[in-house]
Amino acid sequence: MEKKILTSRRCVICAAGPVNDTNSLIPLLRKDDWVIAADGGIHLAKKLGLDIDYIIADFDSIQREQAFNTGAPVSELPVKKDDTDTMAAARLGLKLGYSDFLLLGASGGRLDHTFANFAVMNFLIKNAAKAILADEKNIVQMLLPSKRIVDPVENAHFSLLPYGGCVDGLYVRNAEYELENALLSPDFPLGVSNKFIGRPVEIEFKSGVLLIFISKD
């Protein structure tokens, strides 16, 4: 497989989770995205009007001919394996040199699959990549310790939750509920349902792994 000449340096992974309102996802896409369909993610990619660049599948949710009829290269995975299809797609994207990932169809169905895709995001950020998961009502980003500006989103809340342990030294500024040197722990959802107040929110933390959810009801 030839290495693609990267332009946007973003890899879009379409997974097999349910998406009914594709119109909510289309504004997130770029013309030069490189698209991997993970098994049944073929259906989502087609609904979004995307050209599929690569397919990874164990064929538990699509037929082989559906994959090969796309004309895209196909990697067939064994059904019994350690990696999920989405994880295998993330590994491929990293191998090809991508450092920016958007996961679609990675939530909204089975809760264990959604949680597994948070693990995929964690794998990506620990390999120095940016990882965002989006569905019809949510955009989720996972971060290592850093400073981040979050622009206000109309008719949305934002939540800050720790992943895999505590988040310490957390500062939240320009929000309805501000925090100074706070600790987020996995046993108390302190950071849920904060509100924008019309200014960019400043977020900074010193340790841990932070999930930022921007969610619409």
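The values are calculated or read from the model by the stated rules, or taken from the named source; none is laboratory data. Nothing here was measured: the structure is a model prediction, and the numbers come from that model. Counting neighbours? That spans all protein chains shown, and the Cβs are built from the backbone with ideal geometry, glycine included.
Summary table below
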item: Residues of the stretch 7-32 satisfying the condition of being over 20 Å from Gly108 (Cβ atoms) and either free of Cβ contacts under 8 Å to residues at least 60 places away in the same chain or buried (at least 18 other Cβ atoms within 10 Å of the Cβ) (or both); result: Thr7, Arg10, Cys11, Arg30, Lys31, Asp32
item: Residue satisfying all of: in the stretch 149-185; closer than 13 Å to Val209 by Cα and either exposed (fewer than 14 other Cβ atoms within 10 Å of the Cβ) or touching a Cys at 6+ places or on another chain (Cβ under 8 Å) (or both); modelled with the lowest pLDDT among these; result: Gly164
item: Members of the stretch 71-89 found to be modelled with pLDDT of 85 or more and either among the β-branched types (Val, Ile, Thr) or not assigned by TED's automatic domain parsing to the domain that holds Ala106 (or both), listed by number; result: Thr84, Thr86
item: Among the residues listed as Thr114, Thr70, Thr86, the single one being touching a His at 6+ places or on another chain (Cβ under 9 Å) and touching a residue at least 12 places away in the same chain (Cβ under 8 Å); result: Thr86
item: Residue pairs meeting the criteria (Cβ under 8 Å; at least 6 apart or on separate chains; first under 19 Å from Asn20 (Cβ atoms) and assigned by TED's automatic domain parsing to the domain that holds Lys80, in the stretch 43-65; second among the hydroxyl-bearing types (Ser, Thr, Tyr) and surrounded by fewer than 19 Cβ atoms within 10 Å (Cβ to Cβ)); result: Leu44/Thr22; Lys47/Thr22; Leu48/Thr22
item: Filtered residues of the stretch 49-71 (kept if outside any loop (DSSP other than H, G, I, E, B) and not aliphatic (A, V, I, L, M)); result: Tyr54, Arg64, Glu65, Gln66, Phe68
item: Hey, Lys46 assigned to a loop (DSSP other than H, G, I, E, B) and farther than 23 Å from Gln141 by Cα or not; result: no
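The rows are residues; the columns are (1) assigned to a loop (DSSP other than H, G, I, E, B); (2) within 13 Å of the chain's Cα centre (by Cα).
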{"position": "Thr114", "(1), (2)": "no, yes"}
{"position": "Glu136", "(1), (2)": "yes, yes"}
{"position": "Ile139", "(1), (2)": "no, yes"}
{"position": "Met142", "(1), (2)": "no, yes"}
{"position": "Pro145", "(1), (2)": "yes, no"}
{"position": "Arg148", "(1), (2)": "no, no"}
